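Only the coordinates and a few stated rules stand behind these numbers; no lab work does. Being a predicted model, the structure only gives us computed values, none of them experimental. In this analysis, Cβ positions are derived from the backbone assuming ideal geometry, glycine residues included, and neighbour counts consider all displayed protein chains.
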Amino acid sequence: MIIFGTKGYLRQLAVLTLVCGRCGNPAAHALRRRTTKFTLFFVPLFPVSTSYVTQCAFCGAEERIGRDQADRMLAEAPRVR
């Protein structure tokens, strides 16, 4: 018997201050990467899909963005040490 499937991973990349497209408030937005990986016997082997989303901390609205836009946001984000 072979056991296989997929598992989702969510990683927060940055917290940015943006104007929300839904509520119009300047608020913190979490930039997150969602990755779905193929698993065999519960061991993640390789990524099947990757997407990027921002989520407003004020109203909770999520917006899907492309990888190039996420890379630009990360490059412009202030570094905290």
Q. Under unit Cβ charges (Lys, Arg +1; Asp, Glu -1), what dipole magnitude, rounded to 20 debye, does the range 4-76 have relative to its Cα centre?
A. 260 debye
Q: Identify, among LEU10, CYS20, THR39, the residue whose Cα sits farthest towards the positive end of the charge dipole of the chain, taking +1 on the Cβ of Lys and Arg and -1 on the Cβ of Asp and Glu, with the dipole about the Cα centre.
A: THR39
Q) Near the amide H of CYS20, under 5 Å away, which other amide H atoms are found, from residues 5 or more places off or on another chain, if H is placed in the peptide plane? A) ASN25, ALA27
Q. Computed over the Cα atoms of the range 4-76, what is the convex hull's projected area averaged over all directions, in nm²?
A. 5.2 nm²
Q. So how tilted is helix 67-76 from the main axis of the chain? Cα-based, degrees 0 to 90, rounded to 10.
A. 50 degrees
